[in-house]
Amino acid sequence: MKTEQTIEPFINEQQIAEILSSASAKDASSVRAILAKAKELHGLEPEEIAVLTSISDPELLGELFETAKSVKETIYGRRLVLFAPLYISNLCSNECLYCAFRARNKEVKRRALTQEEIRREVEILVNQGHKRILLVAGESYPKEGFSYILKAIETIYSVKTPTGEIRRVNVNIAPLTTDEFRQLKAARIGTYQLFQETYHRQTYQKVHQGGKKTDYNWRVTAMDRAMEAGIDDVGIGVLFGLFDWRFEILALMQHIHHLEERFGVGPHTISVPRLEPAAGSDMSIHPPQPVSDIDFRKIVAILRLAVPYTGIIMSTRETPNMRRETFALGVSQISAGSRTNPGGYAEGKEVLEEAQFSLGDHRPLDEVIFDITRLGYIPSFCTGCYRLGRTGQDFMDLAKPGLIKQHCDPNALSTFLEYLLDYASPQTKEAGLALIDQALGQMEPLTRRRTEAMLRKVRSGQHDVYC
């Protein structure tokens with residue numbers, strides 16, 4: 001399959017290699033100058049990013065982490081947005097050597113959920129307190145084809161319970177044509193998410209040995225087609241461990257720069273998954289270029305400084321401890337209570353023979369929220385921006401001068417209180433209510449009055465209160 005129009009290649013591997021080569025000999029004063037610039041919240045140039053990737057001195061590493069924490073809290077405050085992935089199918093026609101869903105993997109039990117099974121999964125997630133879902137499917141659908149995805153989105157939005165519903169469906173599925181992306185937009189999705197896995201062409205061809213996914217160009221230009229179709233919130237990412245993580249970060253920046261030049265706005269989110277064990281995959285057990293825990297922290301911190309207003313997503317691939325540590329370094333969205341096998345929520349467990357990869361964090365949603373609350377972070381289920389049209393460039397126009405917090409902070413507390421009153425365990429409710437009081441006390445008077453008015457509505461029984 002070919003793109004509807006020719007897009008000039010925008011990943012320049014030679015340029016990346018030259019930048020990394022020239023960055024390795026910078027002194028401490030150069031590093032500190034870059035960190036000082038990062039605090040201005042205007043992002044960083046590729047050459048500056050490359051210098052930060054070369055940091056090994058413990059003192060400078062500590063300064064990198066402290067700078068990332070400062071930038072993260074300046075822009076996002078103490079909010080952490082929560083969502084759950086919903087795997088509706090593990091059918092796939094690709095042969096990706098790192099993935100359990102690959103076509104020739106005989107260890108995986110294949111399954112595509114019916115619309116009724118999807119409905120049941122959503123009911124369970126709603127009854128846990130979730131408001132956001134990331135729909136995920138392998139790159140092959142039941143015989144109705146792409147309409148299976150559109151029907152699934154309609155099913156998800158149709159589920160209503162006495163206390164809740166899913167208010168935002170994000171989608172992580174295979175690249176589409178521009179016309180198909182228009183249909184996805186019409187289905188009222190939030191963010192379209194797709195990972196290149198690796199931007200290094202030789203590695204890409206090595207790990208993708210069959211199916212449509214072998215076409216590097218078709219995949220890397222998917223966001224162009226999505227944005228042409230009117231989807232202005234897109235999410236990109238890399239599967240760290242396939243190639244040199246320093247190269248991947250700079251390639252991500254080239255992709256972002258391309259989107260900004262062409263559409264005036266870059267991605268809404270960046271995901272940072274690391275290669276994890278998957279049934280039937282030797283590569284996932286022995287990554288070609290494994291990323292250490294310290295380098296993983298560096299990745300999150302550097303991305304926060306490089307693109308300060310872009311959300312960073314951390315999945316349940318990582319352990320609870322790693323997730324806690326990266327909250328302060330730049331992560332702004334996390335999944336919780338996840339299952340990566342179709343039907344996993346109804347089954348109440350992770351079925352390794354049906355899952356895409358193994359999880360590092362198995363805790364249920366309430367336990368994750370209690371942990372977040374104890375750390376002083378405010379769990380948010382807010383979806384207000386997407387339904388009020390604050391997306392794409394409009395979102396960035398509010399985010400860069402700091403105005404978006406006038407909406408995000410009240411909406412976070414409103415959705416958090418809704419969770420506490422409807423779903424939380426006693427200990428989570430007690431800790432959460434105390435945190436809400438603390439957060440109110442730190443707000444400016446005008447924002448506090450608006451927030452208190454919203455919270456009174458929630459306490460009186462209203463749901464979905466946002467501004």
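The values are calculated or read from the model by the stated rules, or taken from the named source; none is laboratory data. Predicted model only: the values in this text are computed from it and were never measured. Methodologically, a virtual Cβ is constructed for each residue, glycine included, from the backbone with ideal geometry; neighbour enumeration extends over all protein chains shown.
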Look at LYS213 and say whether it is crowded, with 23+ Cβ neighbours inside 10 Å and out of contact with any Pro (no Cβ under 6 Å at 6 or more places or on another chain). yes
Within the stretch 346-357, does at least one residue satisfy the condition of being over 30 Å from GLY461 (Cα atoms), buried (at least 21 other Cβ atoms within 10 Å of the Cβ), modelled with pLDDT of 95 or more and touching a strand residue (DSSP E or B) at 6+ places or on another chain (Cβ under 8 Å)? no
Say we look at the stretch 1-35 and pick out the residues that are basic (Lys, Arg) and at pLDDT below 85; which of these is farthest from ALA301 (Cα to Cα)? LYS2
In the stretch 441-460, anything among the aliphatic types (A, V, I, L, M) and either in a helix (DSSP H, G or I) or closer than 19 Å to HIS130 by Cα (or both) is listed as LEU446, ALA453, MET454, LEU455, VAL458
Enumeration of residues in the stretch 254-312 that are among the hydroxyl-bearing types (Ser, Thr, Tyr), within 20 Å of the chain's Cα centre (by Cα) and not in a loop (DSSP other than H, G, I, E, B): THR269, SER271
I'm trying to understand the selection: among the residues of the stretch 172-198, which are free of Cβ contacts under 8 Å to residues at least 60 places away in the same chain, surrounded by fewer than 17 Cβ atoms within 10 Å (Cβ to Cβ) and within 20 Å of the chain's Cα centre (by Cα)? LYS185, ARG188
Of the numbered conditions (1) part of a helix (DSSP H, G or I); (2) at pLDDT below 95, GLN438 satisfies every one except a single condition; which is it? (2)
Unique residue being closer than 19 Å to ARG120 by Cα and either over 18 Å from the mean Cα position of the chain (by Cα) or of a type in the set (A, V, I, L, M) (or both) when the list is TYR216, TYR157, TYR204, TYR141: TYR157
List every residue pair whose Cβ atoms lie under 8 Å apart, where the two residues are 6 or more positions apart in sequence or sit on different chains, the first residue falls within the stretch 91-109 and is over 21 Å from PRO175 (Cβ atoms), and the second residue, located anywhere, is among the β-branched types (Val, Ile, Thr). LYS109/VAL351
I'd like to check which helices (runs of 4 or more DSSP H) are fully inside the stretch 91-196 and have at least 2 residues that are under 30 Å from MET283 (Cβ atoms). 147-158
Can you work out which of the residues in the stretch 309-331 that are crowded, with 20+ Cβ neighbours inside 10 Å and touching a Gly at 6+ places or on another chain (Cβ under 6 Å) is modelled with the lowest pLDDT? ARG317
Tell me which of these ASN127 doesn't satisfy, since it passes every other one: (1) modelled with pLDDT of 95 or more; (2) under 20 Å from GLY344 (Cα atoms); (3) out of contact with any Gly (no Cβ under 9 Å at 6 or more places or on another chain). (3)
